[in-house]
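For reference, the structure is listed below as structure tokens.
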């Protein structure tokens, strides 16, 4: 759920990076955090217990626009990959405005990808959210490794709702910001529609009730 601060004219949105263990969720956040200018980001925080870990930080995007004069701030979170940390997954997912599903492109990880995507749908439903009603972007990570499935096969197995998707190598930084930009704009489109306002991208595109 986006938080609107009328005093500071700022809207804070939450994007959760979801996916199976070791698919590259943490690597995505680490790469993003390392590239965002220091004066536009908060510290990366690790909420760790003896058995699992959640990372998050917030930042003010440079290339996105404003919603009716409000600055947008994004909080990025990761969830633990292993299914037996499901309670933590559900807790982190609460209040999410958008989701990036990070799939591992390796052939050996297809079943883990499918299981994790089903788990995402189940946990969203427990929060009363149909996956069709929240912006979701799929990232096909680890494209730099051998023995990866084709994008076509991954699309067939995971992207049955035809959401935006991007090939990536989070370790090399390839596709990381394309994924984030798509997720961020999806969240802003949804928010503009919900608030019945418009927002303008830096490229001049106008979206919302007074735009497209």
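Each value in this text was obtained by applying a stated rule to the coordinates, not by laboratory testing. None of these values were measured; they are calculated from a predicted model. Cβ sites come from the backbone with ideal geometry, for glycine too, and all protein chains shown count toward neighbours.
A straight chain from residue 38 to residue 108 at 0.36 nm per residue would run longer than the Cα-Cα distance by 21.4 nm. Exposure proxy shown here: for 4, 148, 99, 92, the number of other Cβ atoms within 10 Å sets the order, fewest to most, as 4, 148, 92, 99.
FRET efficiency for residue 161 and residue 91, Cβ-Cβ distance as r, R0 = 22 Å, nearest 0.05? Given R0 = 22 Å and the Cβ-Cβ separation, E is 0.35.
Distance between the 7 Å Cα→Cβ label points at residue 150 and residue 5: 4.9 nm. Taking the three principal axes of the alpha carbon atoms in the chain, the coordinate ranges are 48, 39, 35 Å, sorted in descending order. Between the helical axis of 110-126 and the longest alpha-carbon principal axis of the chain there is an angle of about 40 degrees.
Between helix 25-35 and the chain, what is the angle of the helix's C-alpha long axis to the longest principal axis, kept within 0 to 90° and rounded to the nearest 10? With rounding to tens, the tilt is 40 degrees. Once the mean of 1/r is taken over each pair of separate Cα atoms and inverted, the stretch 108-199 shows a Kirkwood hydrodynamic radius of 14.6 Å.
In whole angstrom, the stretch 125-176 maps to an equivalent ellipsoid with semi-axes of 24, 13, 9, each derived as √(5λ) from the alpha carbon gyration tensor and ordered largest first. Sorted into 5 angstrom bins from 0, the C-alpha pair distances of the stretch 96-139 split as 5, 21, 30, 23, 13, 6, 1 percent. If each of residue 71 and residue 129 carries a label point 7 Å out from its Cα toward its Cβ, how far apart are those two points in nm? The two pseudo-label positions are separated by 2.5 nm. To the nearest 10 degrees, how steeply does helix 176-195 sit against the main Cα axis of the chain, on a 0 to 90 scale? Taking Cα atoms only, the helix is inclined about 50 degrees.
For the chain, the mean residue ellipticity at 222 nm estimated from helices alone is -9500 deg cm²/dmol, where every DSSP H run of n ≥ 4 contributes -39500 (n - 2.57) and the total is divided by all residues, rounded to the nearest 500.
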